[in-house]
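The values are calculated or read from the model by the stated rules, or taken from the named source; none is laboratory data. A quick note: this is a predicted structure, and the numbers were derived from the prediction, not measured. Glycine also receives a Cβ, built like all others from the backbone with ideal geometry; neighbour counts cover every protein chain displayed. Ligands, DNA and RNA are stripped out before the accessible areas are found, and what is left, the full protein with its side chains, is counted by its heavy atoms. Shrake-Rupley method; radii C 1.70, N 1.55, O 1.52, S 1.80 Å.
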Amino acid sequence: QNPQWGNYIEAFTKYPLGRFMLNSLILVGANLAGELLSVPLVAYGFARLRFPGRNVLFLIMLGTMMIPIHSRLIPLFALYTRLGWINTYWPLIVPAFTGSAFFIFLMVQYIRTLPRDLDEAARMDGAGTWTILYRIILPLCKPPLAILVVYTFWWSWNDFLLPLIFINSFDLFPIQVGLALFKGRYSVEWNLFMAATLVSIVPVLILYFFAQKQLIGGIASVGIKG
């Protein structure tokens, strides 16, 4: 059967899919910026710096990975309501600037495999902590950074539960919540729904196409070094 290209046109004219995808790209960009800013800082502190309570704080951070998101929804909703963040993107963006425990753990384990002689040689040349992090450590952390970028894009783009809870405005819906609009109470416009779904996965496919070499190599190198 020939492709029904009219379904794609009708899907974009009946619902603002372009706006939904733009909203998702805004969330992806903000989450990427937050993770790339916070994760290397926290990971470098745990992996290289010595301070009281480092191991305890590291274990506490790992413990947060065991708390299901569903058990945090009510307290988070109450907190964001008091802050006036409901129906804004802040609940979906601000947590990224505190760093994901999974990415921090991944990068800590990778940085610990890098020889400390690099740090000591840089300090002998007069480099400070920030210079060592951004000029020496980060350029060597391309494998975990590639994983961070791909997985953050993937998770932010496909996030449905949190935007559904914290976003009420139609104009602010990301693409995954927008796709739910094709499902009515009594019927589903399957032709339009499938067309819109295919369009929504195109950015993820494009990202994977360009990053598959770095992603596969990054996972392999992190696993071998870890």
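Number of residues in region 116-127 that are under 17 Å from A43 (Cβ atoms) and open to solvent by 50 Å² or more (accessible area, probe 1.4 Å) equals 2.
Candidates are the residues of region 167-194 that are free of Cβ contacts under 8 Å to residues at least 40 places away in the same chain and over 29 Å from F209 (Cα atoms); the one that is surrounded by the most Cβ atoms within 10 Å (Cβ to Cβ) is E189. Name the residues in region 202-213 that are modelled with pLDDT of 90 or more and surrounded by 14 or more Cβ atoms within 10 Å (Cβ to Cβ), would you? Scanning region 202-213 gives a single hit, P203.
Among the residues of region 88-107, those identified as more than 17 Å from W155 (Cα to Cα) and touching a helix residue (DSSP H, G or I) at 6+ places or on another chain (Cβ under 7 Å) are F105, M107. Just so you know, in region 1-18 the residues that are surrounded by fewer than 16 Cβ atoms within 10 Å (Cβ to Cβ) and either modelled with pLDDT of 95 or more or small (G, A, S) (or both) include one that is farthest from P174 (Cα to Cα), and it is G6.
Counting just the residues of region 133-166 that are more than 23 Å from P203 (Cβ to Cβ), among the β-branched types (V, I, T) and in contact (Cβ under 8 Å) with a residue 40 or more places away in the chain, which one comes out surrounded by the most Cβ atoms within 10 Å (Cβ to Cβ)? Only one residue tops the list, namely I137. Farther than 16 Å from A47 by Cβ and outside any strand (DSSP E or B): does that describe W130? Taking the combined requirement at face value, the residue does not satisfy it. Being in a loop (DSSP other than H, G, I, E, B), at negative phi and open to solvent by 50 Å² or more (accessible area, probe 1.4 Å) is a property that P52 has.
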